[in-house]
Amino acid sequence: MKKNVCKFGLIILLSLLAVSLRAEDWVKVKNLSGEWKFNIGDDPEWTKPGFKDSKWENVNVPSSWENQGFHGYNGYGWYRKTFVINSDLKNSPLEINLGYIDDVDEVFFNGKLIGFSGSFPPNYSTAYYAHRKYPIPNSIINFNGENTIAVRIYDAELEGGITSGDIGIFAKMKGLIPDFDLSGLWKFKIYDDLNWKEANYNDSDWDQILVPGYWETYGYRDYDGHAWYRKEFELPNNLKNEKLVLLLGRIDDIDEVYLNGNLIGSTGKMDSNPGNIGFYNEYIQFRGYFIPENLINKKGKNIIAVRVYDGYKDGGIYDGPIGLITQNNYSEFWKNNRSKKKNIFDLIFN
């Protein structure tokens, strides 16, 4: 009993420290608190950047919609806001922080889905407890032009809407920054089948999930066991002649990682039989896997497949960075980072 209490306390301490260290790397570059457009109901046309929302209500964010004149309303509601992002942020990873939303959300940036939490009816699952932080692909941003964020929300009871938090766009200004960002929507399926590592496997009927993020946040509450992630990408021209490392942040609990059907790295001892799997602190280990040059396709699509086993509590690829980085940049970061370490917590998290 005492051992379990100590371990639980360590998990809480490490989790709080991880949040603190991550926050130091991100800087708010656009404040989105204040006036937004709002309308009750549900219509897919409201995702579009060009939709005319001038007749919608003006509400303050963050605050529940009950505090904005919609007392007692449960159901669907939409928020919209238009803003500019400066072009000097083109080379910085960006994410939107929407704080806490009650209960379920989908977030669209310039009409493109960039993230979601919980599940909408008829398979309703709340995510009121989840902190919404969604990566924004640079390819869909209009730098120095208008950008539109549209947030679809479903509230089942009590308060609803974007209720609290430090609402804004954040840029990663330091830390380990990928040369090619792969965060965002991935394919996902629970259970286990080694055929799912193959590059030509058809995953068109798989669910989408946000990476990084615990899978419990995306409708898989209380699920422990095997699951797979898949992501398709094409290598950008500026990386075709580089030696590369795949960054997968931190995974709860253990993993095997395949590129185009070939194993390129693992953390922990994986097995098809959960009874043969042992794990302890793999969930806090950083994943950086070197990619053999002969395994990556420089002229077409590549498939990353990540096999994960979670033993208890939260599971999945839960913390970034996620993407590709040159071996030179990867090595230089760790050389510089190691020289700055001061205590055991630095050693754990970097």
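Taken about its Cα centre, the stretch 27-172 carries a charge dipole of about 680 debye when Lys and Arg each add +1 at the Cβ and Asp and Glu each add -1 at the Cβ. Between the amide H of S183 and those of I322, distances stay under 5 Å, these residues lying 5 or more places away or on another chain, with hydrogens modeled in the peptide plane. For D319, nonlocal amide neighbours, meaning residues 5 or more places apart or on other chains whose placed amide H falls under 5 Å from its own, are G213, R250.
The trypsin sites (Lys or Arg not before Pro) of the stretch 53-149 that DSSP puts in a loop, and whose beta carbon has at most 11 other beta carbons within 10 Å, are K55.
Per residue, the convex hull around the alpha carbon atoms of the stretch 178-349 comes to 113 Å³.
The residues E232, E157, when put in order of fewest to most other Cβ atoms within 10 Å, stand as E157, E232. Remark on the chain: ratio of C-alpha radius of gyration to 2.2 N^0.38 Å is 1.02.
One decimal place: the segment L295-N200 gains 32.7 nm when fully extended, by the rule 0.36 nm per residue minus the C-alpha distance. Mean residue ellipticity at 222 nm from the helices of the chain, using -39,500 (n - 2.57) per DSSP H segment of n ≥ 4 over the full residue count, to the nearest 500 deg cm²/dmol? Per the formula, -4000 deg cm²/dmol.
Calculated translational diffusion coefficient of the stretch 143-184 (37 °C, 0.692 mPa s; Stokes-Einstein with Kirkwood radius over alpha-carbon pairs) equals 224 µm²/s. Full extension of the chain between Y223 and E146 yields a length gain of 23.7 nm, computed as 0.36 nm times the residue separation minus the alpha carbon distance. Using θ = phi - 60° in the Karplus curve 6.51 cos²θ - 1.76 cosθ + 1.60, the 3J(HN,Hα) couplings for the stretch 135-141 round to x, 10, x, 4, 5, 9, 8 Hz; x is entered for Gly and Pro. The stretch between N336 and I190 holds 48.7 nm of extra length on full extension. This uses 0.36 nm per residue minus the Cα-Cα distance.
Computed from the C-beta positions of I40 and S164 and an R0 of 22 Å, the FRET efficiency is 0.60 to the nearest 0.05. A simple rule links phi to the HN-Hα coupling: the Karplus curve 6.51 cos²θ - 1.76 cosθ + 1.60 with θ = phi - 60°, which for the stretch 165-179 gives x, 8, 7, x, 9, 10, 10, 7, 9, 8, x, 8, 10, x, 7 Hz, with x for Gly and Pro.
Volume of the convex hull of the stretch 173-220 (Cα atoms only), normalised per residue: 125 Å³. Taking all Cα pairs closer than 8 Å and separated by 6 or more residues, the relative contact order of the chain comes to 17 percent.
Each reported figure results from applying straightforward, stated rules to the coordinates on display, with no laboratory input. Treat the numbers as computed from the prediction; the structure is a model and nothing was measured. In this analysis, Cβ positions are derived from the backbone assuming ideal geometry, glycine residues included, and neighbour counts consider all displayed protein chains.
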